[in-house]
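Contents: one structure, followed by commentary.
The values are calculated or read from the model by the stated rules, or taken from the named source; none is laboratory data. If you're wondering where the values come from, they're calculated on a predicted model, not measured in any experiment. Glycine gets a Cβ as well: all are built from the backbone with ideal geometry, and neighbour counts include every protein chain shown.
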Amino acid sequence: MGRRRQKQRGRDVQGILLLDKPLGISSNAALQQVKNIFRARKAGHTGSLDPLADGLLPICFGAATKISAYLLDANKRYQVKIKLGVTTTTADAEGDIVETRPCSDITEQDIRTALNGFEGEIQQLPPMYSALKHNGERLYKLARKGIEVERKPRTVTIHEISLLSVDLPEFELDVKCSKGTYIRTLAEDIGEQLGCGAHVSALRRTEVGPFSVNGMVDAATIESTAEQGMDALDQLLLPMDSAVADWPEVQLSADAAFYLRQGQPVLVPKAPTDGWVRLYADKTQFIGVGQIQDDGKVAPKRLM
C-alpha cells in the first residue's frame, strides 16, 4: 500500500509541453527532469531523441498521455548535418570510426543528384544501434556485445528532402519523413550513394505532427518559470487536443456524446466521410478521438 501511495503522489497536471531537449541527455532523462519540476503525477514523451540529438520533444502530462501514441505515428522533420568520408559503428559522431574514404572530389551538384533518389517511399535497413528487438532483446544491446543479427528492410517515406548548406566535407539537410525513419541510416545510405560513406554529425528535430519549434520551451525557461510558482509553470502547457489539431473536428450533440462515451458508434450530420477525427461535446469540451467507419458513423477510439 505504501508503494502505491508513493506512486500516486504529485500534481494532477494536464496538457502538453513542447520541450527543446538539450544535447547530451537521453529523452527519458529529460522527461524525468521536467516531470520533477512540474511535480507531475503522470507524464510521458512521444518518441525518443538520441543524446546526440536536440530539439522538439513533446512531453504529455496526465490524460494527454492517452493520445501520445498518435504523435509517435506522426510525421517528423529534422535538420541534420552529415559528414562525408567517414563511417562509424553507430552512424553518428558518437560511434567508433569504421572506415575513412576520400571525398575531396564530391561536389554540391553530386549531393543534389544523390538526394533525388531518396524522395518518396524508400527501403531502409534498421541499424543495429536501434531500440528494435530481436528475440526480446534490444538491438543496441546486442550491438554493444559485438553481435550483428539479420534485419529486414522496412518501407518509409521521405516526404521532403532539401539541401540547406554545403561546407564540405559536411552538408546540412532539411528532412520531413514518416514514422520509423532512421536519419542515421539515411545519412549512411546517401554516403554510400556518393561512394565515400558518411555519418550524422549533428541532428535537430524541428517538427512532430502539428507541433514545430515555434512553441518550444528550453530548460532554462522552465527553471526560471518554476521560480514563479506552479500556476506560472502550467501556463507553458498546450491543451491536449493540440496533439491532433490537424485532424477534422466533430461536434457532438448531448445524445451522441452520451452513446459514444458508452462505446457506441454514432451518426453525426456533416461529419467527414473517412479518417480520424477529434471529438467535442458542449462545443469546447475535448472528449477524445474517433474514426469514421465504412457506414459513415463515428466510432470512439480513445476517450479522455
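So which residues in the stretch 178-198 are touching a Lys or Arg at 6+ places or on another chain (Cβ under 6 Å) and of a type outside the set (G, A, S), if there are any at all?
Selection gives C196 alone.
Considering only the stretch 99-121, state which residues are over 14 Å from P169 (Cα atoms) and touching a residue at least 40 places away in the same chain (Cβ under 8 Å). Step through it out loud before you land on a result.
Step one: filter the stretch 99-121 for residues over 14 Å from P169 (Cα atoms), giving 99, 112-121.
Hits for the stretch 99-121 are E99, R112, A114, L115, G117, F118, E119.
Could you list, in sequence order, the residues of the stretch 227-245 that are more than 26 Å from Q79 (Cβ to Cβ) and crowded, with 16+ Cβ neighbours inside 10 Å?
Selection gives L233, D234, M240, D241.
With at pLDDT below 95 and touching a Pro at 6+ places or on another chain (Cβ under 9 Å) as the only criterion, which of A53, A64 stands out?
Answer to the selection: A64.
Looking at the stretch 264-302 only, could you name the residues that are farther than 24 Å from P239 by Cα and surrounded by fewer than 15 Cβ atoms within 10 Å (Cβ to Cβ)?
Q264, L267, P269, K270, T273, D274, Q293, D294, D295, G296
Residues that are farther than 26 Å from C177 by Cα, at least 1 per element: which helices (runs of 4 or more DSSP H) completely within the stretch 1-108 meet that?
Those helices (runs of 4 or more DSSP H) span 2-7, 27-38.
Restricting attention to the stretch 171-203, and to residues there that are among the polar types (S, T, N, Q) and under 13 Å from the mean Cα position of the chain (by Cα), which single residue is surrounded by the most Cβ atoms within 10 Å (Cβ to Cβ)?
Checking each candidate, the answer is T181.
Specify which of the listed residues (D234, D274) is more than 21 Å from the chain's Cα centre (by Cα), charged (D, E, K, R) and modelled with pLDDT under 95. Steps first, answer last, please.
Details: D234 fails: modelled with pLDDT under 95.
Exactly one of D234, D274 is more than 21 Å from the chain's Cα centre (by Cα), charged (D, E, K, R) and modelled with pLDDT under 95, namely D274.
Give the residues of the stretch 216-225 that are surrounded by fewer than 16 Cβ atoms within 10 Å (Cβ to Cβ), in contact (Cβ under 8 Å) with a residue 40 or more places away in the chain and in a helix (DSSP H, G or I), sorted by residue number.
Residue satisfying the conditions is E223 alone.
For the structure I just gave you, tell me whether Y280 is assigned to a helix (DSSP H, G or I) and of a type in the set (F, W, Y). Explain how you work it out, then say what you get.
Values: assigned to a helix (DSSP H, G or I): no; of a type in the set (F, W, Y): yes.
Answer is no for this residue.
Name the single residue that is surrounded by the fewest Cβ atoms within 10 Å (Cβ to Cβ) among those in the stretch 246-263 being under 20 Å from T65 (Cα atoms) and out of contact with any Leu (no Cβ under 9 Å at 6 or more places or on another chain).
Checking each candidate, the answer is D246.
Just checking, which of I37, I106, I82, I25 is surrounded by fewer than 17 Cβ atoms within 10 Å (Cβ to Cβ), over 14 Å from the mean Cα position of the chain (by Cα), hydrophobic (A, V, I, L, M, F, W, C) and at pLDDT 95 or above?
I37
Do any residues in the stretch 12-36 that are assigned by TED's automatic domain parsing to the domain that holds I59 and closer than 21 Å to K76 by Cα have Cβ atoms under 6 Å from those of residues that are basic (K, R) and buried (at least 20 other Cβ atoms within 10 Å of the Cβ), where the two are at least six apart or on different chains, and which pairs are they?
Cβ pairs passing all conditions: A30/K21.
Does L71 qualify as being crowded, with 16+ Cβ neighbours inside 10 Å, at pLDDT below 95 and in contact with a strand residue (DSSP E or B) (Cβ under 9 Å, 6 or more places away or on another chain)?
In short, yes.
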